[in-house]
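Structure first, then comments.
Every read-out reported here was derived from the displayed coordinates using simple, explicitly stated rules and does not represent laboratory data. No experiment lies behind these values; they were computed from the predicted model shown. Here the Cβ positions follow ideal geometry from the backbone for every residue, glycine too, while neighbour counts run over all protein chains shown.
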Amino acid sequence: MVTPGKKIELLAPVGTPACLKAACLAGADAVYLAGKHFGARAFAGNFDEKNLHWARRVTEALNKKLYITLNTIVFEHEFKLLEEALAFYEILQPDALIIQDLGVAALIRRRKSRIPLHLSTQGTWFGQGGRKELADLNITRVILPRELSFEEIRSLGVAHPDLEFEAFVHGAMCYSISGRCFWSIALGSRSGNRGTCAQPCRKEYACNGKPEQASCCFSPKDLRLISQITQLQSCGLVSLKIEGRMKGPDYVYQTVKAYRQAIDQHKQLQPEILDEVFSRVASTGFFNGTAEADEWRTGANVGREGALAATITGKSKDGLVELNIVQALQPGDGVFWFNHGERHGSRITWVKTERKHPEFAMVRGLPSSLKAGTEIRRSSQGSSENWESQWNRDWERRPVDLFWSGHDGTPLAVETVINEHPLRLETDEPLQLAMNKGLEKGPLQEKFTILGELFKAGRHVTARLSEGLHVSGSSLKRLKRSLVEYIYKLEQLPPPQQKISIADMIQAANESRQVDYSSHFSATQPPQIRLRVWNQSFPFLRDINPDRWVLPWKGDSARADKVIHGKTAWWLPPIINRQHFDTLLEQLRTVESGEFLCFGWEAFDLARLLPHLKFLLDWSFNTCNLAALDFIRNRGIEPILSREWKDERIPENLTGFRTSCAWNPLVSFSRFKSDLAPGKVVQNSHNDRFFQLPIGNGITATFLEDIPASLTRHGNASLQIDIAISPQENPVQVAKDLNRMLEAFKVG
C-alpha cells in the first residue's frame, strides 16, 4: 500500500534498449523487461545478458527501478535453463522478478534469493484466497488482473494493507481473464501462457455460418485511465503500469510522458497525444464495473487507431492533395491511412490553408490517387521534441563509490564494493608530500571520473586520506587499470551467499499446516474417470457411469441425487470479489462432506477454513511442474495438471496425479459481457466453431467445437473429462458417443 506522502510509481514497458532510453527520458520511475527466456512477450526484442547488464547500469545511474519478467509457465524439463537464468539474475540483482508460475516462485524461495518477487497479472490473483501462500513464497507485490473495478481494487487495499498492489492503466486488453486464456494453444502451438499468443480474439467471426454477419465480436478496446489517475492514487496502489513491450520507443516516450504529467498534475496535460501513438480505440475497461458489449468492443478496426486529422476530398493538382481538416496539420507530421485493409504511411512536407475556408488545405506528401473519403490519421507531430537527442551517454556507466585512504610514506589505497564484494587496491609507490595541491584537491576526481566503458566514479570519499599528498602519474595509471579490471570481474559474480541457519532449514523443509491431508493423495488409489459437466442441465447423461460426476455447484448438494445415482463432486464458479467468496463460504459451512473443484486461489483459504472437505484445483490454474505440484499438495489441495503439460513431458515416476481432456474444450474465461445469445455458434475463417456458456459470478466461458477421437490414459493418472454440449449437438447422440469412448477407455 502507498505510504502517505510517497509518490505512486509509474512503470513503463521496455522491449528494446531504445525503449528503455525513451521510458527514462519521459519520466518513468521504473521499467519492466525480459531476458531471452520465460518472458510473456516472446516476440519483443528482449534483452541478452550484455544488454541486461547495460539496463542495470542505466537504471542505477538514473535511480530507476528495474523489474525483470519471468512470467510464463515453466515445464519440468526447462528447470535447468531456469536455474541458469536465476543464477544470472542473482548477479544482476534487479529490483524485482515478475513471476506467474508457483513452481518458479518455490524454486526461487529454495535458493534463498533476496530478489523481491512480484506476482504477474498472469497469476490471476483476485485477492479472495492465497494471501498466506503469497507470504510463504516471499511475494511482496501483486500485479492485479485488468478485470477488477475501481471499487474492487480499493477494497483489496483495505483488506491487505501489508501487500503492495500494482495495476495496469494503459494498453491492450485481453478478452479473457488474465492468465486464463487457452484460445491460441487450442488452435495450434502458440500459447498465451508462454508468451506466443496468436491473438485469435482479434479475428473476425461469422455468426451461425453467415459470412455477411462477420464481426470482431471478441476484440476489446484498449485500456486508457489517464483521466482516472487521481482516483487510482487514492485506492492503495503503489504502481501504475503501462502495457506495451511489443511497441516502439516513440509509443513508450509519448505514453509515459502523458501519464507522468497526469500523475504530477501538470497544467499542460495533453491526453489527446495518446491518440497519435500506437493505440486502438480506448475505453476505461472494468474501472466502473462490467460494460455492455457495444462499450468494450473495438468494432472492425482492431489495429492501430491514431488521431483522425483529415479526410481526402478527391481533388488534387500538381502533386498537391486537398484535405478536409479535422485537426491542424503541419509540415513534418507523420500520417497513415488504410487502403483495401492495408496500412500505408507518409509524412506531410508542405501545407497551405485558405483564409476564407480554413477547413480545407492543400498538402504535399500524400499520393494523389487516394479516393475521396479516405481517412488520414496522424501518428506523430513534426513539431514534437527530439527526445533521442536528450540522452546522455554518461548514464550508461554504472556509478561506483570510491573510498580513498593513506598517509605520508604509505601506499594510496582505494576501496569499493561491487555486488556486495569488497575490493581494496593499493598503489605500488608510497605517498609523498605534494609540491602543489594534494590528491584530495582534484587529481583523484580528474583521473578516476571515467572507469572504462561501463563504469564511472560516484562519490569520492577522502576523509581517511591525509591532505597535501601525491603519488606519481604512472602509479595512478596502474592503480586505475587494476581497479577497472577488478570491477569488471566482480560485476560478473553474484552477491555472497547468505548463511542459512538451522531454523531456516527446518522452516524450508516443513510446510506449516494445521491438518493432516495425506489421506487425500493416496498413491495406491486406483485411477478414476471423472466427468465434469459444463452445461447447467445434465439429466440426459444419467445413464453414463463414471467413477464420479463433477457438477456445477448451485448452493445445494442434495439436488443431484434426484437425477444421478452415483458419486458426485462439484465445480465452484470463479471467485472474483469478497461477496462471491463470503456467499460460497456460507453455503459450504453447512456441507458435512464432499469434494469441490476450484478455479483459483480461493482453494487455499477454503481448504484451511473447511478441513473436513476436499478441494481440488482446476487444470486452468496452470500447474505444469513438480515444484508447483508439491507446493499445492502441501496445502492439502489436489491439482489437476495443466493441459499444456503434455503427456510425453510428465516424469515417469510421478504417481497419484490427475490429468484432463475435453469434449469441446474450454478456450477462454471472460468477465466481458457477451451479447451472443444461447444457441449461437460463431466461426472464424478457418471454420473453427465456438459457443459460449455462463459459468457463474458474471463469467462467460467460450468453447471450441472439437470432439476427441478417443480417450487416452497416462500411466496411473486419474482422468477428468470436461464435457460441454454445443447448441448444435444432439445431447442424446453425445451421450451415446461418450459412453462408447468410456467403455473403450476402461477396457484399454
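Taking amide H atoms as placed 1.01 Å from N in the peptide plane, the amide H of residue 14 lies under 5 Å from those of 32, each 5 or more residues away in sequence or on another chain. Close amide H contacts of residue 570 (hydrogens built in the peptide plane, cut-off under 5 Å, sequence separation of 5 or more or a different chain): 551, 595, 596, 597. Between the Cα long axis of helix 249-263 and the first principal axis of the chain there is an angle of about 90°, rounded to the nearest 10.
A Förster distance of 60 Å, applied to the separation of the beta-carbon atoms of residue 388 and residue 295, puts the FRET efficiency at 0.95.
Karplus-derived 3J(HN,Hα) values for the stretch 464-469, using 6.51 cos²θ - 1.76 cosθ + 1.60 with θ = phi - 60°, are 9, 9, 4, 6, x, 10 Hz; glycine and proline are entered as x.
If contacts are Cα pairs under 8 angstrom and at least 6 residues apart, what is the relative contact order of the stretch 307-390 in percent?
Value for the stretch 307-390: 39 percent.
Which value in Å is the Kirkwood Rh of the stretch 122-228 over different Cα pairs?
One decimal place: 16.1 Å for the Kirkwood radius.
Projecting the Cα atoms of 723, 395, 325 onto the charge dipole of the chain, computed from C-beta unit charges around the Cα centre, puts 325 farthest toward the positive end.
Sorting the segments 91-101, 72-82 by their mean number of nearby beta carbons within 10 angstrom, highest to lowest, gives 91-101, 72-82. Amide hydrogen proximity for residue 398: with H placed 1.01 Å from N in the peptide plane, the residues at 5 or more positions away or on another chain lying under 5 Å are 455, 456. Take the Cβ atoms of residue 88 and residue 6, set R0 to 30 Å, and the FRET efficiency comes out at 0.45. Our summary gives the stretch 393-491 a relative contact order of 36 percent, counting only alpha carbon pairs under 8 angstrom and 6 or more residues apart. A 22 angstrom limit on the alpha carbon distance is what I want to check against. Which of 614/646; 456/477; 21/477 exceed it? Long pairs (Cα-Cα over 22 Å): 614/646; 21/477.
Stretching the chain fully between residue 37 and residue 673 yields a gain of 225.5 nm (0.36 nm per residue, less the alpha carbon separation). Here the Kirkwood formula, the inverse mean of 1/r across different C-alpha pairs, assigns the stretch 335-452 a hydrodynamic radius of 21.3 Å. By how many degrees, between 0 and 90 and to the nearest 10, does the Cα long axis of helix 17-26 differ from the longest principal axis of the chain? With both axes taken from Cα atoms, the answer is about 80 degrees. With kT/(6 pi eta Rh) evaluated at 10 °C and eta = 1.306 mPa s, and Rh the Kirkwood radius from Cα pairs, the chain diffuses with a coefficient of 54 µm²/s according to Stokes-Einstein.
For the stretch 307-390, taking Cα atoms only, Rg and Dmax work out to 12.8, 41 Å respectively.
A straight chain from residue 316 to residue 461 at 0.36 nm per residue would run longer than the Cα-Cα distance by 45.2 nm. Rounded to the nearest 20, the size of the Cβ-charge dipole of the stretch 307-390 about its Cα centre is 260 debye, with Lys and Arg at +1 and Asp and Glu at -1. Each Lys and Arg adds +1 at its Cβ and each Asp and Glu adds -1 at its Cβ; summed about the Cα centre, the chain shows a dipole of about 740 debye. Full extension of the chain segment joining residue 417 with residue 266 gains 50.4 nm, where the gain is 0.36 nm per residue of separation less the Cα-Cα distance. Across the chain, C-alpha contacts under 8 Å between residues 6 or more apart give a mean separation that, scaled by the residue count, equals a relative contact order of 13 percent.
Semi-axes of the equivalent ellipsoid for the stretch 393-491, computed as √(5λ) from the eigenvalues of its C-alpha gyration tensor and ordered from largest down, come to 23, 14, 12 Å.
Angle, helix 578-588 long axis vs. longest principal axis of the chain, Cα atoms, 0 to 90°, nearest 10? Helix 578-588 and the main axis of the chain meet at about 40 degrees.
Working note: 222 nm ellipticity from helices only, DSSP H runs with n ≥ 4, each -39,500 (n - 2.57), summed and divided by the residues of the chain, gives -6500 deg cm²/dmol to the nearest 500.
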